[in-house]
1. I need every pair where a residue in segment B:212-232 that is free of Cβ contacts under 8 Å to residues at least 24 places away in the same chain has its Cβ under 9 Å from the Cβ of a residue that is in a helix (DSSP H, G or I) and basic (Lys, Arg), sequence separation at least 6 or different chains.
2. Evaluate the following for residue B:72: is it part of a helix (DSSP H, G or I), over 30 Å from residue B:149 (Cα atoms) and more than 10 Å from chain A (Cβ to nearest Cβ)?
3. Here are some residues: B:241, B:227. Which one is open to solvent by 20 Å² or more (accessible area, probe 1.4 Å), over 18 Å from residue A:119 (Cβ atoms) and among the aliphatic types (A, V, I, L, M)?
4. Listed residues A:225, A:207, A:211; which is farther than 28 Å from residue A:253 by Cα and either open to solvent by 70 Å² or more (accessible area, probe 1.4 Å) or within 12 Å of another protein chain (Cβ to nearest Cβ) (or both)?
5. Of all residues in segment B:189-202, how many are closer than 13 Å to residue B:84 by Cβ and in contact with a Ser or Thr (Cβ under 8 Å, 6 or more places away or on another chain)?
6. Would you pick out the residues in segment A:228-259 that are under 14 Å from residue B:114 (Cβ atoms), open to solvent by less than 20 Å² (accessible area, probe 1.4 Å) and at the interface with chain B (Cβ under 10 Å from one of its Cβ atoms)?
7. Considering only segment B:82-108, state which residues are over 13 Å from residue A:21 (Cβ atoms), at the interface with chain A (Cβ under 10 Å from one of its Cβ atoms) and part of a helix (DSSP H, G or I).
8. Could you tell me whether any residue of segment A:83-98 is surrounded by fewer than 22 Cβ atoms within 10 Å (Cβ to Cβ), more than 10 Å from chain B (Cβ to nearest Cβ) and among the hydroxyl-bearing types (Ser, Thr, Tyr)?
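The values are calculated or read from the model by the stated rules, or taken from the named source; none is laboratory data. From a predicted model like this one, the values you see are computed outputs, not experimental measurements. Backbone-built Cβ (ideal geometry, glycine too); neighbour counts: all protein chains shown. Keep in mind that these areas ignore ligands, DNA and RNA; they rest on the heavy atoms of the full protein, side chains included. Shrake-Rupley method; radii C 1.70, N 1.55, O 1.52, S 1.80 Å.
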Amino acid sequence: MLNSLSNLFYRRPQLLTALLLGGPLAWIGVVYIGSLFALLIQSFYHLDDFSGTVVHEFTLSTYAELAATANLQIIMRTVVMAALVTLAASIVAFPIAYYAARHARGKWKALFYLAVMMPLWSSYLVKIYAWKLILAKEGIVSWIAATLHLSWLLDGLLSTPIIGGSSLSFSYIGTFLVFLYIWLPYMILPIQAALERVPNDFVEAAADLGATPRQAFRDVIFPLAFPGVIAGSIFTFSLTLGDYIVPQIVGNSRAMIGQAVYTLQGTAGDIPLAAAFTVVPMVIMGFYLLAARRMGAFDAL
Amino acid sequence: MRSEAGWGLKLAAGAGIAFLHLPLALIVLYAFTTEEKSFQFPPPGLTLHWFSAAWFDRPDIWPPLWLSLRVAAIATAFALVFGTLAAAALSRARFFGKDQLSLLFILPIALPGIITGIALRSAFDIMNLPFSTLTIILGHATFCIVVVYNNALARFRRLSPSMVEASMDLGANSFQTFRHIVLPQIASALLAGGMLAFALSFDEVIVTTFTAGQQSTLPIWMLQELIRPRQRPVTNVVAIIVIAVTFLPILAAYYFTRQDEHRQG
């Protein structure tokens, strides 16, 4: 019995492939992709204002609603935040990745790797909670500022319009710091991988041809590592665009895309508009990925 | 040629690593504080009281903890089967649309969690599936499959086909070959993938908020405590438990994948 089945598989390898792939494909291909399509279709329905029910007719009025000033502000705010977080993450991540890739070796290298992996895999909520402790009015940042007699600096920062707030945990500065913290490892790892692939011969050749270390870095190492930065930015940008828990816990009351989606589908019951909102990060990420592929970021993943 | 790092680089790298770890250290410190109502720093005093309070006085912690462990275990088992099957199929066969298909299998991780969450929620609505432990597991399995798939695929690609051929030449059927030749070689990758999937599921909150209905997993319990805190240090105690439950599997996964990188060069 088993032998004849085995022979059948040998004669017909496509049959085996189909059998292996059937379950997973039904799952991801049908259930998951089907759900995404169902969501997309819902964005072309609209919510009847009087009855509060969803009208199942094709219309673009939900997208017109998306273009209202308040909603565009939500989108702009989220995109600017994602861009700033991405920029800051690449600046903070680069020295860590550079040291790990080009200087650390042996035991230190393993330690560095774990030191990046541990925060990456620690609980998302625990990480956000940690920042709630840090940024609280009575927390460690205020204490350090007071100890160093720099409270005036902190107060000045908090009284700045737009980015300030009643305390760090109710301001854009806080939201920004938490995003930077939780997505930073996603930036470090691709940069490190890209830096490790820069051949040492190239650097030596640059030195032989008379380049100072600074020039070698600027003209050889950095351009070769740049696809790694782009690869990392895919994660930091996409994750910030879709997140709704961080701005809910640390931040002011002005919503970002994720929060808008969450409240629209929940308390407001406006599934069509929520669906239209989710199309925004999908479209932005689509263009972002196309641009990233052109810059060779996928080879660095 | 590895020159000594300049002090500027060392300082920047060290500060970055410190930035990544100090917040986690603070979580641990605050579990021992005597201050219950605020996040006062430095803590006015240290106590072990909250550990016993979490154990004895807070029965609301246990059901979410069990639910999370159960969901993570079932979703991981599910992901192990489906992820391995998909990796086996896509690593051995060549067929039309294979590249698109492999892109499809990483989509649940590439798209923001909120999109996966709301898409599954509306699909469950359409299918008239009531929200229950089952829907939580279905949601988690979707991204757990990806983790197992990635780990298994990397290993399948490094398997040498000549060993499988030799086994067949010596008269083994495909089931015997799988049992005695393939499985021992992919076992540690599956173990690593399974552990990562478990940790991911145990910690997941975004997809879960959309598919859980009235039930609370441990991350949802924590989210509620963050929004409406009761005994703040108890939340820290639970946070330490969460760190331990997710961190140990990750350390183990690192150990398993590292070991065979050494072996296979």
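1. Short answer, once both residue conditions are applied: B:225/B:232; B:226/A:132.
2. Considered against the rule, which asks whether it is part of a helix (DSSP H, G or I), over 30 Å from residue B:149 (Cα atoms) and more than 10 Å from chain A (Cβ to nearest Cβ), residue B:72 comes out as no.
3. Selected residue: B:227, the only one of B:241, B:227 that is open to solvent by 20 Å² or more (accessible area, probe 1.4 Å), over 18 Å from residue A:119 (Cβ atoms) and among the aliphatic types (A, V, I, L, M).
4. None of the others qualify; the one that does is A:207.
5. Result for segment B:189-202: 5.
6. A:238, A:240, A:241, A:242, A:243, A:244, A:245, A:257, A:258
7. Passing the criteria: B:107, B:108.
8. Looking through segment A:83-98, at least one residue is surrounded by fewer than 22 Cβ atoms within 10 Å (Cβ to Cβ), more than 10 Å from chain B (Cβ to nearest Cβ) and among the hydroxyl-bearing types (Ser, Thr, Tyr).
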